[in-house]
Amino acid sequence: MSIAEQVAENKLQRIGERPRLREYIRESWQRRTFAYTLARFNLQASTAKSSLGVAWLVLVPALQIMVYGLIFGLVLGNTRPANFLPYLITGIVLFQFVAGSFADGAKSITANASLVRSLNFPRALLPASAVISNVYRIVPLTGLMLVALVALGEPITFNWFLIVPDLVLMSCFSAGLAMVAARLTVHFADLNQLVPFITRVAFYSSGIFFSVDKLAAGHPILNPILESNPIHVYLAIARGSLVTGYSYDLYQWGLGALWALASLTLGFIYFWRAEEKYGRNV
Amino acid sequence: MVEMSKTPIENSTPVVDRKTVVIVDNVVVTYRVFASGKKITASTARVKRSGKLREVEAIRGVSLVAYEGDSIGVIGTNGSGKSTLMNAISGLLPIDSGAVYASSRPSFLGVGAAMIRELSGEKNVILGGLALGMTKAEVTAKFDAIVDFSGLREFIDLPMSTYSSGMVERLKFAIAAAREHDILIIDEALAVGDSDFRKRSEARMRELAAGAGSVFLVSHSMKSILDTCNRAIWLDKGLIVMDASAREVCEAYAAFVGAPLDD
């Protein structure tokens, strides 16, 4: 009996082959509890050894805001954007979410090598879990951010609810980003060294503490590029909804949704296409 | 009875009419490693980038068929390709040529690091169960049985980084054994357990093999292979030297390495 006949007769499947996309999505969704649970446990473990524990999740961004506020407040002088502190707080808190997802996503396969080598499960759950743990961080931080805005004299409006869909779009965008980064660092371990630089460039070009609009205003090439930067779009929507003196254009919702959709679909497919190879390279 | 390597599968007619569970068809696995290419002397001891890609053929064309209820011992010297072959069969390691077919995705239980060292044994049980595809309710229902099987109840709330290698393997085996597997691959995982745990896990392996499944056991202990396996494969330098009943293979291997059989 030939191999093909034996395979057909016993209904055998080929092992080590990448599952079809539809099957892969179904299997990932089925085991989503694994991603949530891993995210939660990792978050607990990351702060378990310090005496202040989970308080650090809030303290670190608070310290960042103080340092940046002090330095850039002084350095920028009169050129700083209007309503500077609320502008800076929203910028830093939301940027940290995308940057954290990107950095954790990049490490998600390589840092869990022993898990990848010993268990069969859809690997996309690992970068997904990295983003979920950043979602767990951003939720209380957003609450704190809103409290800080109120304390700084910002009026509470109905527009504040718009931060929720904005965060949903950011999560989808970050998830795609994390999956691309996760696959790339498996192929080229050197990329892990570049992650901080990429984050820095994004930090300075997304208008966290200064206004990008003024920077390249009128420039025919640079301006559209900076304007369509997804992080800049999400920040513009957030500030337009939360901070007085700022507004956004309706097209920015469309652009933000487009970025989120494109990043999530393309990132997931890009990650899936190397599914069978993750065991070899880590 | 003795099948030499690269025997075409077509010739190995099944002795009994049992269902085929795994077909390994002429599998080749080559590792590509950066090697320095030069001997290190005092003057060249500083890292030199004169290295070139070196290819190591770990599996050089292995074919075998496993049937329902088979429990197959895999023996061979260190570096003979046992672990690589098991990784390839489980689908965790991509193969360079050939193919592996199986009735369902094999579950692999290998030695090595804890799952997530910073987390407690308890949390690793939950994560391991979920990764294996159990639902949260199933994990909760089986939690006590898993912990009791591992015999680590006192230490279950401690981080796994504090566990000895034997304790890690016990917990990993307990998690994997909690579920029914069609095909279970065990890579020297039981070597570190104490004799009491070994007896319990060997009994569990026989149960798993009896329940329609098939078990592969890599071990340096011929005693555990004789106790648990009906068939054995002897690998050397990436090729199958012998594929026969566990006793015959163990006797031949013992004669080859010059060790007594009852190790």
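The values are calculated or read from the model by the stated rules, or taken from the named source; none is laboratory data. As the structure is a computational prediction, the values presented were derived from the model and not from experiment. FYI the Cβ positions are ideal-geometry reconstructions off the backbone, even for glycines, and counts take in every protein chain you see. Note: areas computed on protein heavy atoms with side chains; ligands, DNA, RNA excluded. Shrake-Rupley method; radii C 1.70, N 1.55, O 1.52, S 1.80 Å.
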Subset of segment A:68-91 [closer than 24 Å to A:GLY240 by Cα and open to solvent by 50 Å² or more (accessible area, probe 1.4 Å)]: A:LEU70, A:ASN78, A:THR79, A:ARG80, A:ALA82, A:ASN83, A:LEU85
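For (1) facing chain B (nearest Cβ under 8 Å); (2) assigned to a helix (DSSP H, G or I); (3) open to solvent by less than 50 Å² (accessible area, probe 1.4 Å); (4) under 14 Å from A:PHE121 (Cα atoms), each residue gets a yes or a no:
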site: A:ALA4; (1), (2), (3), (4): no, yes, no, no
site: A:VAL7; (1), (2), (3), (4): yes, yes, yes, no
site: A:GLY16; (1), (2), (3), (4): yes, no, yes, yes
site: A:GLU23; (1), (2), (3), (4): no, yes, no, yes
site: A:ARG26; (1), (2), (3), (4): no, yes, no, yes
site: A:ALA35; (1), (2), (3), (4): no, yes, yes, yes
site: A:LEU38; (1), (2), (3), (4): yes, yes, yes, yes
site: A:THR47; (1), (2), (3), (4): no, yes, yes, no
site: A:SER51; (1), (2), (3), (4): no, no, no, no
Residue within segment A:57-74 that is under 21 Å from B:SER120 (Cβ atoms), within 13 Å of chain B (Cβ to nearest Cβ) and touching a helix residue (DSSP H, G or I) at 6+ places or on another chain (Cβ under 9 Å) present: no
Test: residue in segment B:111-118 that is modelled with pLDDT of 85 or more and either surrounded by fewer than 17 Cβ atoms within 10 Å (Cβ to Cβ) or within 12 Å of chain A (Cβ to nearest Cβ) (or both): no
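Results for (1) open to solvent by 40 Å² or more (accessible area, probe 1.4 Å); (2) of a type in the set (Phe, Trp, Tyr); (3) modelled with pLDDT of 80 or more; (4) more than 29 Å from A:SER129 (Cβ to Cβ), shown as yes or no for each residue.
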position	(1), (2), (3), (4)
A:VAL186	no, no, yes, no
A:GLN193	yes, no, yes, no
A:PHE203	no, yes, yes, no
A:VAL212	no, no, no, yes
A:HIS219	yes, no, no, yes
A:PRO224	yes, no, yes, yes
A:ASN229	no, no, yes, no
A:ASN281	yes, no, no, no
Tally of residues being in contact (Cβ under 8 Å) with a residue 12 or more places away in the chain and on the phi > 0 side of the Ramachandran plot across segment A:7-48: 1
Complete set of residues in segment A:77-129 that are within 14 Å of chain B (Cβ to nearest Cβ) and not in a helix (DSSP H, G or I): A:SER108, A:ILE109, A:LEU119, A:ASN120, A:PHE121, A:PRO122, A:ARG123, A:ALA124
Which numbered condition B:LEU208 fails, given (1) touching a Leu at 6+ places or on another chain (Cβ under 7 Å); (2) crowded, with 24+ Cβ neighbours inside 10 Å; (3) farther than 30 Å from A:PHE41 by Cα; (4) modelled with pLDDT under 90: (2)
